[in-house]
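Since the structure comes first, as structure tokens, the remarks are kept for the end.
The values are calculated or read from the model by the stated rules, or taken from the named source; none is laboratory data. Quantities reported herein were computed from a predicted structural model and do not represent experimental measurements. Positions of Cβ are backbone-derived with ideal geometry, glycine not excepted, and every protein chain shown enters the neighbour counts. All accessible areas refer to the heavy atoms of the entire protein, side chains included, with ligands and DNA or RNA removed. Shrake-Rupley method; radii C 1.70, N 1.55, O 1.52, S 1.80 Å.
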Amino acid sequence: MQALRFHGRRDVRLEDIDEPATRAGTVKIKVHWCGICGSDLHEYLGGPIMTPTPEAPHPLTGEYLPLTMGHEFAGEIVETGDGVDGLTVGDLVAVEPLLFCGECDFCRSGSYNVCPSFGAIGVVGGGGAFAEFITVPTHLVHPLPPSVTTEQAALAEPVCVGWHAVSRSAIEPGDSALVIGAGPIGIGILIALKARGVGFVAVADRIAGVRKDAALAFGADLFIDASSERIGDAVRGRTGELGADVVFEVAGAQAALDDAIDAARPQGRVVSMAVWEESAVVDLNVLLLKELAIVPSLAYANEYAAVLDAIADGRITGLERMVSRRIPLAEIVEGGFEELVQRRGDHVKILVHP
Ligand SMILES: [Zn+2]
Ligand SMILES: [Zn+2]
């Protein structure tokens, strides 16, 4: 089968590899849709960042590059391994693409996203979904509610990232929020905030266009064009001169982090979710004088089912509006990765159909 494999910086290749074998306790899935993630682009442009190298194979998978990419996916079960109960051929499913040891204190308490051996399928090994088939253990498989499509389920992954960040932020419905970055994760946070009843949500980006359209379509109360407006001033103008209660920073850029710290109110929170290609600089005196907390948020844990339920019961609607392009796997390098590098402002999410 064809698979997109990460070899190194600016080096991803469509290659012919063997179909994965279905082992006991796993199911084989025909991938319907897989989204290209911002973290895929970070690996492509600045990696290997999360991708293990021969010097440091991943502790759980033992794998290292070249590795098949793709982790935001959904599809159809085509084969079940020995000992699999409750899942059958033909089931439409989303896959929570996370690997963790299952035995440490964090895994046992449900916070498997901070397991010391944590990694993502499609990043650290375990196969990837920019391929026709993938085999995964059953505990990662979520059958779709009848009304949820595999396209929506592929888009649920960035919403789960947002869902977890909203939980980490401890925001209350009456609080104000600012999201810096209107790409897929920024839009995922916006969707999660609105689905969970937060009243005022501003979204800022340096690029307007389709990102502004998506932010407004998903209910942003204010779009700030950061190329012409100062984000902090625009937010203070709408939040009683104090700033936002919670700011979500997803861009992984120094200017965006500075804006986030500036735009947060005293005793507020800045939720940090980006993958950084370089170290950021933070003036702790500024945090001190505002008693501002920086709260990191990584991936998600035990939240996939909640997001799928929110899609099924209508708290989340119109997810397809995140999609700016759908392409076959054969076009992924030029029509997907390079397209996002060269025309980022024309896209929110590109979905790939293997
Ligand atoms: Zn992702
Ligand atoms: Zn663990």
For LEU67, enumerate residues with amide H under 5 Å from its amide H, sequence gap 5+ or separate chain, H modeled in the peptide plane.
PHE6
Just to check I understand the Karplus step: with θ = phi - 60° and J = 6.51 cos²θ - 1.76 cosθ + 1.60, what whole-Hz values come out for the stretch 305-316, glycine and proline as x?
5, 4, 5, 4, 5, 5, 5, 5, 9, x, 5, 10
Eligible aspartates and glutamates near LYS28 by straight Cα distance, threshold 19 Å, same-chain separation 8 or greater
ASP16, ASP18, GLU19, GLU72, GLU76, GLU79, ASP82, ASP85, ASP91, GLU96, GLU132, GLU151
Going from most exposed to least, what order do ASP18, ASP221 have by accessible area with a 1.4 Å probe?
ASP18, ASP221
Cα-centre dipole for the chain with unit charges at Cβ (Lys and Arg positive, Asp and Glu negative), debye to 20
600 debye
For the chain, what is the convex hull volume of the alpha-carbon atoms per residue, in Å³?
130 Å³
Starting from the amide H of GLY219, placed 1.01 Å from N in the peptide plane, find each other amide H under 5 Å away whose residue is 5 or more places distant or on another chain.
none
Using only the Cα atoms of the stretch 170-250, each taken as one equal point scatterer with no solvent, compute I(q) by the Debye sum, divide by I(0), and report log10 of the ratio at q = 0.11 Å⁻¹.
-0.23
Regarding the stretch 209-333, what are the three Cα extents along the principal axes, ordered largest first, in Å?
49, 35, 33
Hey, got the dipole for the stretch 1-137? About the Cα centre, +1 on K and R Cβ, -1 on D and E Cβ, debye to the nearest 20?
300 debye
Hey, can you grab everything whose amide H is under 5 Å from the amide H of VAL295? Only 5+ residues off in sequence or another chain; H modelled, so Pro and N-termini drop out.
VAL270, VAL271, SER272
Quote the accessible area belonging to ILE180 in square angstrom, nearest 10, computed with a 1.4 Å probe and with ligands, DNA and RNA left uncounted.
10 Å²
By accessible area with a 1.4 Å probe, ligands and nucleic acids excluded, highest first: order of LEU288, LEU298:
LEU288, LEU298
Averaged per residue, what accessible surface does the stretch 109-225 expose to a 1.4 Å probe, in Å²?
29 Å²
Quick one: pull the percent of accessible area on the stretch 244-354 belonging to carbon and sulfur, 1.4 Å probe, ligands and nucleic acids left out.
51 percent
Could you give me the ³J(HN,Hα) list for the stretch 16-25, computed from phi with Karplus coefficients 6.51, -1.76, 1.60 and θ = phi - 60°, whole Hz, x at Gly and Pro?
8, 10, 5, 5, x, 7, 8, 9, 4, x
Whole-Hz couplings from phi, Karplus 6.51/-1.76/1.60, listed for the stretch 147-164; x for Gly and Pro
8, 9, 8, 5, 5, 4, 5, 5, 6, 5, 4, x, 5, 4, 4, x, 4, 5
Calculated SAXS-style log₁₀ I(q)/I(0) at q = 0.12, 0.22, 0.24, 0.26 Å⁻¹ - the stretch 55-109, Debye, Cα scatterers
-0.46, -1.09, -1.09, -1.08
Using the alpha-carbon centroid of each, what span in Å lies between the stretch 152-210 and the stretch 269-300?
17 Å
Jot down the per residue volume, in cubic angstrom and as a whole number, of the convex hull over the alpha-carbon atoms of the stretch 28-180.
146 Å³
Evaluate the Kirkwood expression for the hydrodynamic radius of the stretch 94-141, namely the inverse of the mean inverse distance over all pairs of different C-alpha atoms, and round to one decimal in Å.
11.2 Å
